[in-house]
1. Would you check if there is a residue in the stretch 122-130 being at pLDDT below 95 and in a helix (DSSP H, G or I)?
2. Out of Arg202, Arg143, report the one residue that is more than 16 Å from the ligand (Cβ to nearest atom), at pLDDT 95 or above and surrounded by 19 or more Cβ atoms within 10 Å (Cβ to Cβ).
3. Any residue in the stretch 35-50 that is over 19 Å from His213 (Cβ atoms), basic (Lys, Arg) and part of a helix (DSSP H, G or I)?
4. Regarding Arg187, is this residue within 13 Å of Leu30 (Cα to Cα), in contact with a strand residue (DSSP E or B) (Cβ under 9 Å, 6 or more places away or on another chain), at pLDDT 90 or above and in the same structural domain as Asp34 (by TED's automatic domain parsing)?
5. Show the residue pairs that are 6+ apart or on different chains and have beta-carbon atoms under 8 Å apart, the first residue being within the stretch 117-136 and farther than 21 Å from Leu174 by Cα, the second being part of a strand (DSSP E or B) and at pLDDT 95 or above.
6. In the list Thr208, Thr172, which residue meets the criterion of being crowded, with 21+ Cβ neighbours inside 10 Å and over 15 Å from Leu128 (Cβ atoms)?
7. Test Thr208 against the stated conditions and say whether it is within 14 Å of the ligand (Cβ to nearest atom), assigned by TED's automatic domain parsing to the domain that holds Tyr136 and among the β-branched types (Val, Ile, Thr).
Amino acid sequence: MKAHRQLLRPAVRLRRSRRTDADVSERLWLFDLDNTLHDTSYAIFPKIDHGMTMAVAEALDVDIETANRVRSMYWKRYGATMIGMVRHHGVNAHDFLHRSHDFDVDPLVRAEKALAYKLRRLPGRKVLLTNAPLHYARAVLSRLGILHLFDSLWAIEHMRLHGEFRPKPSPTLLRYVLAHEGVPAHRAVLVEDTLANLRGARQAGLRTVHVYHPGTPFARGRSQRPAYVDLRVNSVSDLLLRRRPLRG
Ligand SMILES: [Mg+2]
């Protein structure tokens, strides 16, 4: 068994690693994808839900209603339906992710205007950290015209530790990502719509930005800023204007 020695596989690095002394003082922005960089609730979440349900129904040979229940149960328990399917039913992670995200994202992507321009104006390195699969993340970033602005992409396939998937909000995952990126925790900021992930980031010592999105589960009624959130914004524009509390 090699499982005990198996560490997370490295992320997809889009640019050559630049681990110099100067980089240690540079800010690292860890961006979530769905409902953070684009409006997934608009049209994509229904597609993913449908794809997941169909993938579960086919893998377990159950009806749609049962598959829907299973999908939702594993998503709540593990942060990703795929993890429950791998752990309890032995499905192939790669096949499941492709089956569940097998649609053309291009006509469905919606985001704030001039996103590439705004991200470029944010000083520091940018890394994507999403619990979604890599092929989907890459397609969305390409459609948004911002793929080239990211140093590396961390997707669900890269979040495996000791043979087990450890997606966000795992503080262990976040510490590993920072070690891999060569940045101390206090220089890193997680920008996210999901509060539970921000809580995990704070446990790992990161700064946190909550991007409020009304379509995100458990987002409603959370108008107050929790103690583990440094800044609450409504968009990347908002982050550009109001990032002062993150300095230092
Ligand atoms: Mg999200």
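The values are calculated or read from the model by the stated rules, or taken from the named source; none is laboratory data. Note that the coordinates shown come from a computational prediction; the quantities given were computed from them, not determined experimentally. In this analysis, Cβ positions are derived from the backbone assuming ideal geometry, glycine residues included, and neighbour counts consider all displayed protein chains.
1. Within the stretch 122-130, none of the residues are at pLDDT below 95 and in a helix (DSSP H, G or I).
2. Criteria check complete, one pass: Arg202.
3. Step one: filter the stretch 35-50 for residues over 19 Å from His213 (Cβ atoms), giving 50.
With the extra rule that they be basic (Lys, Arg), the set shrinks to none.
Checked the stretch 35-50: no residue is over 19 Å from His213 (Cβ atoms), basic (Lys, Arg) and part of a helix (DSSP H, G or I).
4. The answer is yes for Arg187.
5. Pairs found: Leu119/Lys126; Leu122/Trp29.
6. Matching residue, one of Thr208, Thr172: Thr208.
7. On the way: within 14 Å of the ligand (Cβ to nearest atom): yes; assigned by TED's automatic domain parsing to the domain that holds Tyr136: yes; among the β-branched types (Val, Ile, Thr): yes.
Yes: the conditions hold for Thr208.
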